[in-house]
Each structure stands twice: as structure tokens, then as C-alpha cells.
There are 2 protein chains.
Amino acid sequence: MSQHDGSPALRLLGLRGLPEIGRGDDLARLIAERASLEDGDVVVVTQKIVSKAEGRLVAVDPGSPRERQELALGEAVRVLRRRGDLVITETRHGFVCANSGVDLSNVAAGQAALLPEDSDRSARRIRAGLLARTGREVAVIVSDTFGRAWRRGVTDVALGSAGIRPMIDLRGSPDAYGRPLVATEICVVDEIASAAELVMGKAAGVPVAIVRGVDPSWFGEGSVRTEVVRPYREDLFR
Amino acid sequence: MSQHDGSPALRLLGLRGLPEIGRGDDLARLIAERASLEDGDVVVVTQKIVSKAEGRLVAVDPGSPRERQELALGEAVRVLRRRGDLVITETRHGFVCANSGVDLSNVAAGQAALLPEDSDRSARRIRAGLLARTGREVAVIVSDTFGRAWRRGVTDVALGSAGIRPMIDLRGSPDAYGRPLVATEICVVDEIASAAELVMGKAAGVPVAIVRGVDPSWFGEGSVRTEVVRPYREDLFR
């Protein structure tokens, strides 16, 4: 393309061919065997295979919405709304989502997947495993599909991250007119998770995506749980 | 990369070199002159330059938060929350955002940019202009940067779209276990807007991005205002 001369560019690649994941599987090994990673890549891994590898599956009667709801309430610290079988909850991690993220899709019948206990830790483990196996310094994001207030439909967001700053603070950077910008903290891990979803698809069997070309200045330390999750006390909408 | 054999892939390209935009400028012409578009590209255009081209600038005293708030209230049909100078409002279009989207950044001192009157129409116009000038069938998304409930930071979302279905409904598609998925409407225009922000940046002077490789089945008719904006009456959080 003519605008390729130094203009910012990103590539997103879906990773096919992963086997069915079970408890104890080493996701880093399975990804490293299939992807040619480069330093500075961001590897986005869907929560579902992280939960499976971490054994976060529980038995549930697929014909009983009430049993599923009880599971969801067991994972919640607060119920924001109820509508029929749906509950919008705040999970122990601070995520606000439908049914505490308890999910019956893409798991075997009679099972439900719970969210990872600590998705930042999950991301750190996968990152360390990828470094050990490939020698590549990559960032890792664990993603999930959430609804949101005010807008229909779902988008992917980050549940956990490692090796990347979740929030890029442009406060103080000048705008194109040279004046300081105020209050512009961009949640790049959520934007990267959403971008990755575009090459995944819910049913496409692509649970991992590689994002190449991310601004190197974004790499560093940080946690979704401490930086992205808005604490109850500062939230205007809980 | 080894996984390139038929796996899904996307490219995101930021478009540099656009001049400062003023009222009456033909954005389609300015983009067409600088980008080598291909059929099936999605062209993401930030609201700011759309508002400038459409003359949606008004005078405001930059030292008067109250004057800005009055502007915001004038664009609103409903105030959801107030905190100091910040108001979270529902705009006439149905968007819930800070200060009705009235924005003083990246405009000349003493001016504020209002949201386009009808961002879906803006997207349709740009799309028609790009077709006329390049012969390419592309989709267009007008994007803006919004905060959200429950999570810190901002991400880009779609204000308007043309040539792409905003919501991809996977209800009824089988999951990887062959069972029907329920209630999974993915808001791909918001995900594409978020992805595009990653090559734009607030201060980087890149107000247009090209997304190449989007699933061709997503192209079609639809409107952000009628399909993505959640009407007040069905919203659990207004």
C-alpha cells in the first residue's frame, strides 16, 4: 500500500490447529509449537482454553438454568441486575459481566467453565512459558467476551495481561495543536482483545491470536485487575 | 509465519499525511488520494475530522468548564451522572458518553467539536465518495473514544457505519462441540473501531485507518444507531 512508508501498521493472525485442551495442558508449549513468535508480539489467549487448562470446569445440569444461576451467584460478590435466568454480577475479581462469566459454550455437555482464579497470573505463566520455549519476549493477554451497558452486543475484553501496560496514559501528551490532552487513558489491552476477536470468532476454533506491530513503548508491567477493573467505590454505575 | 496457511489474518494500516480538515472538505477525496484501497477494506475515520468537515464546530471559552457543560447539556436528552465538571449524558443519537461527546482536544483554541448529526449518514457519504473516486467497494466506520461502565480507561467505538453489518449474530451457529450457541451477537464495528485506534493514537495525527482482511460475510447493510445503540427502554443500566 502506498501509505506503508513509516505509517503505523499492525498484523493480526489467528492460530489454528490447537488440540482440544484439558486440565494440566501446557498452553505455552502448544502455542510455541505452532506459532513463529517474534519479540514484541502480543499473544491473545481466550479465557475458555485457559480455564480448561487450569481445570476450572465444574459439572452442571445443562437443562437447569437454575443450577447455572446458582453457580454464577457462587462466583459473585454482588448482583447488579436480574432478568429472567440472566444475572449481571460483579465477580470476585471485580469483573462486571453476565452470569459471573460461567459459560456452557465450547465445553462438553454437562460441564461449565468458570473464569480463571487470577487471569493476570495465568497470563504471566503463559508468557514465562513462551519465553522459556521460544526465547521471545512477548506480551500475553487473556481475553473473554463481555456485554456492556448502553450498547447492544458483546465485544472481547482483557481479563488478564502480562508484559504490557494495560492502560496508556496520554494525559500530558500534546494534541495535534500542541495543547496538553486531559484524561485520556486508553485501555489498550481491551482494544487488543477486541482486535484479536476479529480473527478468532466464537465458533471458528481459533482460541489464540498473535498481534504483531504493537507500539514497543507499551510493553512493561501492569495488571488488568489492579489497573483496568474499576473499584466499586469509584464506579458511578454500580 | 508458519500459521499463514489459510488461517484468518487482518492488517491494520494508519493513514498519515492528511491535511488539517476544515468545513466542506471532501474526506473521501482526501482519503482516496492517499490510500490504495482494495475491495473489502474497512476504512475507519475518527469522528473529529468528520465533525470538522461537516462544520460541527462551535465557539467555546476554553477557560470556562461551565460553558462547556452547557454545550454538553444542549446536546443531551438525558443526564445519567454528574461529577464535578463531568456529565455523563445520553445524546440525541442515543449514545451514552462523557459531556455528550463535546470535545476540545485537537481543535483550535476557543472551539469545541460536536458529534456529527448522523454518523451513519456521514459513513454512507464517505463510502459513496470512495466508491465514486476509487471504484472500490469498502465499508466505512466513523469512530470515537468513549469511556465505559465498570472498567477504567477509554476505548474506541463505532458512532456510525456503512457497508458492514454492525452486529454479527452467531446465535444458531454451532460451537466447537456442535451445539447451538445462544445469545452471541458480536458487535464487530466496535471491535474494528477499537482495533483501528491501535494504529491511530490520540495525538499521532493519524485520523484514518484501513482494516484489510475482514470476513467478507460481514459486509452488508446496517446502522449503528438502529442496531448498536441500546434503546433506553431495554437498557438495564440507565
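The values are calculated or read from the model by the stated rules, or taken from the named source; none is laboratory data. Note that the structure is a prediction, hence the values are computed from the model and not measured. Note: ideal-geometry Cβ built from the backbone for every residue, glycine included; neighbour counts use all protein chains shown.
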The condition from (1) assigned to a strand (DSSP E or B); (2) not assigned by TED's automatic domain parsing to the domain that holds A:Asp26 that A:Phe237 misses is numbered (1)
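Kindly indicate which of B:Glu90, B:Glu117 is touching a residue at least 60 places away in the same chain (Cβ under 8 Å), charged (D, E, K, R) and in contact with a strand residue (DSSP E or B) (Cβ under 7 Å, 6 or more places away or on another chain).
Numbers: B:Glu117 fails: in contact with a strand residue (DSSP E or B) (Cβ under 7 Å, 6 or more places away or on another chain).
Going through B:Glu90, B:Glu117 in turn, the sole match is B:Glu90.
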Checked against (1) of a type in the set (A, V, I, L, M, F, W, C); (2) within 14 Å of another protein chain (Cβ to nearest Cβ); (3) touching a strand residue (DSSP E or B) at 6+ places or on another chain (Cβ under 7 Å), A:Ala108 satisfies every condition except (3)
Given (1) surrounded by fewer than 15 Cβ atoms within 10 Å (Cβ to Cβ); (2) without any contact (Cβ under 8 Å) to a residue 24 or more places away in the chain; (3) more than 10 Å from every other protein chain (Cβ to nearest Cβ), B:Ala59 misses just (2)
Considering only region B:205-226, I want to know if a residue exists there that is outside the structural domain of B:Val96 (by TED's automatic domain parsing), surrounded by fewer than 18 Cβ atoms within 10 Å (Cβ to Cβ), at pLDDT below 90 and not polar (S, T, N, Q). yes
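Given the options A:Ala123, A:Ala128, A:Ala132, name the one that is at pLDDT 95 or above, surrounded by 22 or more Cβ atoms within 10 Å (Cβ to Cβ) and out of contact with any helix residue (DSSP H, G or I) (no Cβ under 6 Å at 6 or more places or on another chain). First the steps, then the outcome.
Numbers: A:Ala128 fails: surrounded by 22 or more Cβ atoms within 10 Å (Cβ to Cβ); A:Ala132 fails: surrounded by 22 or more Cβ atoms within 10 Å (Cβ to Cβ).
Result: A:Ala123 is the single residue among A:Ala123, A:Ala128, A:Ala132 that is at pLDDT 95 or above, surrounded by 22 or more Cβ atoms within 10 Å (Cβ to Cβ) and out of contact with any helix residue (DSSP H, G or I) (no Cβ under 6 Å at 6 or more places or on another chain).
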Residue pairs within 7 Å by beta carbon, gap of at least six or interchain, first lying in region B:5-29 and facing chain A (nearest Cβ under 10 Å), second hydroxyl-bearing (Ser, Thr, Tyr), listed first then second, are B:Leu13/A:Ser7; B:Gly14/A:Ser7; B:Leu15/A:Ser7; B:Arg16/A:Ser7
>> of a type in the set (D, E, K, R) and buried (at least 17 other Cβ atoms within 10 Å of the Cβ): is that true of A:Glu75 in this structure?
In response: yes
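Have a look at B:Arg83, B:Arg23, B:Arg68 and point out the one that is over 19 Å from the mean Cα position of the chain (by Cα), surrounded by 15 or more Cβ atoms within 10 Å (Cβ to Cβ) and not small (Gly, Ala, Ser).
Working: B:Arg83 fails: surrounded by 15 or more Cβ atoms within 10 Å (Cβ to Cβ); B:Arg23 fails: surrounded by 15 or more Cβ atoms within 10 Å (Cβ to Cβ).
None of the other options fit; the residue is B:Arg68.
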A careful count of residues in region B:14-50 that are among the charged types (D, E, K, R) and under 14 Å from B:Glu197 (Cα atoms) gives 2
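How many residues are facing chain B (nearest Cβ under 7 Å) and modelled with pLDDT under 95 when one looks only at region A:158-178? It would help to see each step written out before you state the result.
At the first step, the residues of region A:158-178 found to be facing chain B (nearest Cβ under 7 Å) are A:167, A:170, A:173-177.
In the following step, the residues that additionally are modelled with pLDDT under 95 were identified as A:170, A:173-177.
Number of matching residues: 6.
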Apart from one, (1) more than 7 Å from chain A (Cβ to nearest Cβ); (2) surrounded by 17 or more Cβ atoms within 10 Å (Cβ to Cβ); (3) free of Cβ contacts under 8 Å to residues at least 60 places away in the same chain; (4) not in a strand (DSSP E or B) all hold for B:Arg148; the odd one out is (1)
